[in-house]
1. Which of the residues that make up the range B:22-69 are closer than 17 Å to B:Gly143 by Cα and assigned to a strand (DSSP E or B)?
2. B:Gly131 passes all but one of (1) at positive phi; (2) within 14 Å of chain A (Cβ to nearest Cβ); which number fails?
3. Please count how many residues of the range A:248-264 are in a loop (DSSP other than H, G, I, E, B), of a type in the set (A, V, I, L, M, F, W, C) and touching a Lys or Arg at 6+ places or on another chain (Cβ under 8 Å).
4. Before we move on, is A:Ala92 within 14 Å of chain B (Cβ to nearest Cβ), under 22 Å from A:Ala31 (Cα atoms) and outside any strand (DSSP E or B)?
5. Given the conditions (1) touching a strand residue (DSSP E or B) at 6+ places or on another chain (Cβ under 7 Å); (2) touching a residue at least 24 places away in the same chain (Cβ under 8 Å); (3) more than 8 Å from every other protein chain (Cβ to nearest Cβ), and given that A:Leu45 satisfies all but one, which numbered condition is not satisfied?
6. Identify the single condition in (1) surrounded by 17 or more Cβ atoms within 10 Å (Cβ to Cβ); (2) more than 14 Å from every other protein chain (Cβ to nearest Cβ) that A:Asp163 does not satisfy, given that it satisfies every other one.
7. Determine if the range B:71-90 includes at least one residue that is of a type in the set (A, V, I, L, M, F, W, C), closer than 30 Å to B:Gln19 by Cβ, crowded, with 20+ Cβ neighbours inside 10 Å and in contact (Cβ under 8 Å) with a residue 60 or more places away in the chain.
8. So how many residues does the range B:89-112 have that are under 19 Å from B:Thr339 (Cβ atoms) and under 10 Å from the mean Cα position of the chain (by Cα)?
There are 2 protein chains.
Amino acid sequence: MKISDTATAGISISVEELQLATSNHGMPLEALRYAVTPVGLHYLLTHFDMPLVDPTTWRLRVDGCIERPLELSLADLQVMPATTRVLTMECAGNGRAMIAPRPSSQPWLVEAVGTGEWTGVELRHVLDAAGLTDNAVEVVFTGADSGVDGGEMHVFQRSLTVDTAISSGALLAYQLNGGPLPPQHGFPLRVVVPRWYGMTNVKWLTSISGVDEPFNGYQQRQSYRLRQEADEVGEPLSRIYPRSLMVPPGIPEFMSRTRLVSPGPCDLFGRAWSGKAPIAAVDVSVDGGTTWAAAELEPPTDPGAWIGWRFLWDAGPGDHELCCRATDAEGNTQAAQPTWNRGGYVNNSFHRVPVQVLDG
Amino acid sequence: MKISDTATAGISISVEELQLATSNHGMPLEALRYAVTPVGLHYLLTHFDMPLVDPTTWRLRVDGCIERPLELSLADLQVMPATTRVLTMECAGNGRAMIAPRPSSQPWLVEAVGTGEWTGVELRHVLDAAGLTDNAVEVVFTGADSGVDGGEMHVFQRSLTVDTAISSGALLAYQLNGGPLPPQHGFPLRVVVPRWYGMTNVKWLTSISGVDEPFNGYQQRQSYRLRQEADEVGEPLSRIYPRSLMVPPGIPEFMSRTRLVSPGPCDLFGRAWSGKAPIAAVDVSVDGGTTWAAAELEPPTDPGAWIGWRFLWDAGPGDHELCCRATDAEGNTQAAQPTWNRGGYVNNSFHRVPVQVLDG
């Protein structure tokens, strides 16, 4: 057995990026086998520190442009009608480490994704109970996590338009996969907006406020926008671009992660998702993207969840680059190469998995 | 507010290391607040891929130098007497990223630790049931995970001497924190050896074999040994060296992880552990290790678990480097700087946390 030297080209990351990479984590790709990602394997991006919240004294305030301001305990929320949904969540920075020149931030490769079974109250029920006033244009979600980013000290906050808040199916989730929300996923309560990128899903919620002008906080104004130039306003990120990933076949080499595959029939499996429209097709290439063939798709489940795909490959000896690409019903698809932007966002270029098929 | 430029010096890591860092993960230091680490926050080091094991067909074979070879189902193990222990587990490579020159491997800073409430059968009960023959000198644990390391294709295996296997209190664990073993921690069964480094705790166990000569597999012979030269036999790693860590006070800057602290009384808290002897003292320095004062220790719980410590600091404005160091009852302690070795193992030098105390 020969192990070819196919390690990724020698780009390097800084210690600051490493500090982010060791405390945050992606989903190991073999976990694509699970329709619902087990707790601890779902991707995790914590901007600041996880706050420690005492659930007995914790309250959710609903205030601002509101007719009946509320202070809700966890028990108050748990007696409201509960909804459970299987939803795929992805970081808007997924793929950042493969963008050149690479912005300095959490250096994701492709694994910043996961699918959870989220249980909670639909946001619209809470907003109905509180009554948004007619002048409300957005709803601001505030977490208990604070820190400094871009030189600004702030509490993590994001907003949604009133229309999205009501019509998106957003949940105020207090359970993940049938258990209490784990601390790292926002205990005791987070918002989960189906089909939107992860930054939307504010963790450790402390308040929901109606506001009469568009929210302009750091994480809305500065982060999570597509920009070519620093002084651009930029296009705000919202719903997830299409992506497909595969379980890398065969076995890995510890350090290089090079894959070794036995020759013969090889069952390729993965998942695909898009926040913009249902997945219409997944194509697979076994020659680095030169030729493509359609994968078989599993039936869809929740419109906010990924779907499984499968492709039987007859693996012949030698080096191959496997690729997959998803296309959604609106024609959004994945490209061969990333489109550069300052924040290193939405690099949804093909998933590429170099493999070495053994001689047998 | 001024944010000082105290980012760590610009060392860099390779993409291969990044691939390891994004799929493995450490315990965010604020999770030191939990005596038992919540699932998903415990450190995780997966050498190859997580195998998918069907618990209905899975069996544990007990064979080799054995009088009564066994094939045990999960149900067979679950009707044997159960033991639950709170045990601290640490990767032998914790601290590797701060060793210079740094060996190329999983680039841990200091977070490769966690404490679990492990439930299972004591290994000695299973060995009693099977009956080791008189010629057995070691017991070999085999996992279901395979790959290539150091040019050798192998299944992950480690051994213990018969004496350690029987007297260490080793568990065959099928539960973590009161739930089934998560896939990433070895579902359906792993061995957990109190006070030993993590590599000992073979995940996804498929067999336990008595052998009549010392086991010589890759993970025993080549990995996990202290070596200065490549051709040395090296000292095998076993029980955990003492270490203490603190919850970084204040709030972080997203990218640099620089800590900003309010002036005045600041309650420093952390945990300390040693696999060699009980913790006797934890000392804290607020001036980079020049002067030290004793922290208050919480009472010990399980002898295999970390203990809490606390120190009240009167934080004055300016830049400070906080440090902590643990000393155990045998006098083992932590040094100011790492001791270099080829594998980058057991860098248990002081935990250092630079902070900037604001002017108020």
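The values are calculated or read from the model by the stated rules, or taken from the named source; none is laboratory data. Just so we're clear, the structure is a prediction, and the values are computed from it rather than from any experiment. Glycine also receives a Cβ, built like all others from the backbone with ideal geometry; neighbour counts cover every protein chain displayed.
1. Passing the criteria: B:Leu44, B:Leu60, B:Arg61, B:Val62, B:Asp63, B:Gly64.
2. B:Gly131 satisfies all of (1) at positive phi; (2) within 14 Å of chain A (Cβ to nearest Cβ) except (2).
3. 0
4. Taking the combined requirement at face value, the residue does not satisfy it.
5. So A:Leu45 meets the others, but not (1).
6. Going through (1) surrounded by 17 or more Cβ atoms within 10 Å (Cβ to Cβ); (2) more than 14 Å from every other protein chain (Cβ to nearest Cβ) one by one, A:Asp163 breaks only (1).
7. Looking for residues that are of a type in the set (A, V, I, L, M, F, W, C), closer than 30 Å to B:Gln19 by Cβ, crowded, with 20+ Cβ neighbours inside 10 Å and in contact (Cβ under 8 Å) with a residue 60 or more places away in the chain, one finds at least one in the range B:71-90, hence yes.
8. The qualifying residues number 6.
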